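This report concerns only the one structure given below.
What follows is calculated from the coordinates using simple rules that are stated; it is not laboratory data. The model shown is predicted, which means the values in this text are computed figures rather than measured ones. FYI the Cβ positions are ideal-geometry reconstructions off the backbone, even for glycines, and counts take in every protein chain you see.
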Amino acid sequence: MSKNAKIAAGGVAAGIILSIWLPWWAVLLMVLGVPAAAYLALDPSQRRRLRRVTRKELGR
């Protein structure tokens, strides 16, 4: 297992454990907020590239 895979697995495990103890609105905020923050952290050129790739994948 690669280092990034281990980090991802640990993040998923921590998210599942936290979702048990946190109220539903905090879990919803994490589920929607983390990907949105990651997208907004990208450079404009990286966002264009990501949109282009996802459009290509949808066109299959």
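A few remarks follow.
- Computed magnitude of the charge dipole of the chain (debye, nearest 20; Cβ of K, R +1, Cβ of D, E -1): 500 debye
- Leading residue at positive end of dipole, the chain (Cβ point charges), from LEU32, ALA14, LEU50: LEU50
- Phi to ³J(HN,Hα) by Karplus 6.51 cos²θ - 1.76 cosθ + 1.60 over the range 16-32, Hz, x for Gly, Pro: 5, 5, 5, 5, 6, 8, 8, x, 4, 5, 6, 5, 4, 5, 5, 5, 8
- Computed over every Cα-Cα pair of the chain and binned at 10 Å starting from 0, the pair-distance distribution P(r) comes out as 19, 31, 37, 13, 0 percent.
- Contour excess over end-to-end distance, with Cα ends at ALA41 and LYS3 and 0.36 nm allotted per residue: 11.5 nm
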